[in-house]
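Participant: Supplied in structure tokens, the structure appears directly below.
The values are calculated or read from the model by the stated rules, or taken from the named source; none is laboratory data. Values in this document were obtained by computation on a predicted structure and should not be read as measured data. Quick reminder, even Gly has a Cβ in these numbers, built from the backbone with ideal geometry, and neighbours come from all protein chains shown.
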Amino acid sequence: MEEKLLNTQSNYLTAEYLQALYSSLEMPKNKIANLVKKGELVPVRRGLYLHGKPYGRQYSKAVLSGMIYGPSAISFEYALSHHGLIPERVEVVTCLCFKRDKSFETSVGSFHYKYISKELYPEGLEFYQTELGNYFMASAEKALCDMAYFQTITSVDAARVYLFESLRVDRDEIKKLNVEKLLLLEKCYKRKSVVFVVDAIRSEI
């Protein structure tokens, strides 16, 4: 195994960091390419790498999402699954951002980014500090409102169908949501689809 990689502290490696690590070599880019070829570095996207399997380093897709394209925050189905609101394990990470929509197919999975205004972006975000790194994720309430924001929902009945048939939201879990947070988000989002979803949720609580 490459000794310098073995001694690095970070689980996530940028091209700039790697070039500095091998700056004593005449062609550090060739060294990086060779490490990729040998499987000791795994490219995630241009300029971002993980340690290869020989090093046994863990990584977090949640942490990676903010490094791949940011500023961004995890929301939508991935957040709903994390909060226990839907039964499915969600592999695709979908995030909010206030740059244009983007999608990345990487060696460690799919990452999608949806544009939302800077005013709406921070409302309801939660900050997570973990051993594998830090990231932002929507609260359960925000994740549901984000889902509704990008839908066309025309009534409370349609909202119930969307929540309990399309998303398969757990009725027991939905009773744990914070009504005050939902009403604050409804006021901020100013979209009928969000209003109908919030009303449908309130009728369940």
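Participant: Being assigned by TED's automatic domain parsing to the domain that holds Q151 and among the small types (G, A, S) narrows it down to one residue among A79, A33, A15, A20; which is it?
Facilitator: On inspection, the qualifying residue turns out to be A79.
Let's see how each residue does on (1) touching a helix residue (DSSP H, G or I) at 6+ places or on another chain (Cβ under 9 Å); (2) aromatic (F, W, Y); (3) under 26 Å from R89 (Cβ atoms):
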{"site": "E126", "(1), (2), (3)": "yes, no, yes"}
{"site": "Q129", "(1), (2), (3)": "no, no, yes"}
{"site": "M137", "(1), (2), (3)": "yes, no, yes"}
{"site": "E141", "(1), (2), (3)": "yes, no, yes"}
{"site": "V169", "(1), (2), (3)": "yes, no, yes"}
{"site": "N178", "(1), (2), (3)": "yes, no, yes"}
{"site": "R191", "(1), (2), (3)": "yes, no, no"}
{"site": "R202", "(1), (2), (3)": "yes, no, no"}
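Participant: Now for a separate question. Test of understanding: among S107, S75, S65, S60, which residue is of a type in the set (S, T, Y), touching a residue at least 40 places away in the same chain (Cβ under 8 Å) and touching an Asp or Glu at 6+ places or on another chain (Cβ under 6 Å)?
Facilitator: S75
Participant: Continuing with the same structure: Report whether or not A138 is surrounded by 15 or more Cβ atoms within 10 Å (Cβ to Cβ) and out of contact with any strand residue (DSSP E or B) (no Cβ under 7 Å at 6 or more places or on another chain).
Facilitator: For A138, the condition - surrounded by 15 or more Cβ atoms within 10 Å (Cβ to Cβ) and out of contact with any strand residue (DSSP E or B) (no Cβ under 7 Å at 6 or more places or on another chain) - is not met.
Participant: Take the residues in the range 160-181 that are part of a helix (DSSP H, G or I) and in contact with an Asp or Glu (Cβ under 7 Å, 6 or more places away or on another chain); name whichever of them is nearest to C145 (Cα to Cα).
Facilitator: Looking at residues that are part of a helix (DSSP H, G or I) and in contact with an Asp or Glu (Cβ under 7 Å, 6 or more places away or on another chain), I get K181.
Participant: Please determine whether any residue of the range 186-202 is touching a Gly at 6+ places or on another chain (Cβ under 6 Å) and assigned to a helix (DSSP H, G or I).
Facilitator: No, every residue in the range 186-202 fails to be touching a Gly at 6+ places or on another chain (Cβ under 6 Å) and assigned to a helix (DSSP H, G or I).
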